[in-house]
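What follows is calculated from the coordinates using simple rules that are stated; it is not laboratory data. Small disclaimer: the values here were computed from a predicted structure and weren't measured. As a convention, Cβ positions derive from the backbone with ideal geometry for all residues, glycine included, and neighbour counts pool all protein chains shown.
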Amino acid sequence: MPKLVIIYGTGSHNTERMAVAIEEGARAEGIETVLRNVNDANRDELRDADAVAVGSPNYNHAMMPTVKKFLGGLSDLDLSGKAGLSFGSYGWSFEATQEINRILTACGMEMVQDLNIKRMPGDEELELCRRAGSLLASKIKK
Ligand SMILES: Cc1cc2nc3c(=O)[nH]c(=O)nc-3n(C[C@H](O)[C@H](O)[C@H](O)COP(=O)(O)O)c2cc1C
């Protein structure tokens, strides 16, 4: 079964809410999903993933240090051809998602459009997250 791995950092749970909704959207398409806070994530889980979504809120014009550290440990993994999504909650700027996108693109992943949600996602924003999960799933369904 095609597999999506979702890894996120979060300070006040807004990006976590996004991650949960992305997973819901993907699951509704019938694919396997793994959802991990970056503090519990293991890079080996990415090897057999068909798609990877990485999320971080924007803090001080950057991604969370824990997410940055995790991504820094991926440089020798071959992620080419996998579908990717960069997502995160923000207040006024997009550096975190831009940087995640840049790193995953450099790893050879085929990224869909970044998903940025301002502060706490409401019902409409959660629906956008579900749609992003569904889009990723549709890209990897055999
Ligand atoms: C100390 C601090 C620094 C922040 N810096 C930024 C920033 O540079 N750019 C931005 O867009 N939002 C910034 N924010 C807003 C957060 O990105 C926003 O609150 C977001 O919803 C947090 O997501 P989380 O709940 O997943 O941690 C900052 C918030 C705090 C508390």
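This ranking places 40, 78 by how few other beta-carbon atoms lie within 10 Å of each, fewest first, which gives 40, 78. The Cβ shell under 14 Å around residue 29 holds other residues with a net charge of +3, Lys and Arg each +1, Asp and Glu each -1. Neighbour counts of other Cβ atoms within 10 Å put 48, 114 in the fewest-to-most order 48, 114. Extension gain, residue 95 to residue 80, is 3.1 nm, computed as 0.36 nm per intervening residue step minus the present C-alpha separation.
The charge dipole of the chain, taken about its Cα centre with unit charges on the Cβ atoms of Lys, Arg (+1), Asp and Glu (-1) only, comes to about 80 debye.
The trypsin sites (Lys or Arg not before Pro) of segment 9-111 meeting both criteria, a DSSP state outside H, G, I, E and B (loop) and at most 16 other C-beta atoms within 10 angstrom of the site's C-beta, are 47. Here residue 3 is the anchor, and the lysines within straight C-alpha reach of less than 21 Å, apart from those fewer than 8 places off in the same chain, are 82, 139, 141, 142. Under the classification rounded if a/c is under 1.5, otherwise prolate if a/b is larger than b/c and oblate if not, where does the chain fall, given a ≥ b ≥ c as square roots of the Cα gyration tensor eigenvalues? It is oblate, given that a/c is not under 1.5 and a/b is not larger than b/c. This ranking places 76, 50 by how few other beta-carbon atoms lie within 10 Å of each, fewest first, which gives 76, 50. When both segment 46-101 and segment 1-43 are represented by their alpha-carbon centers, they are found 12 Å apart.
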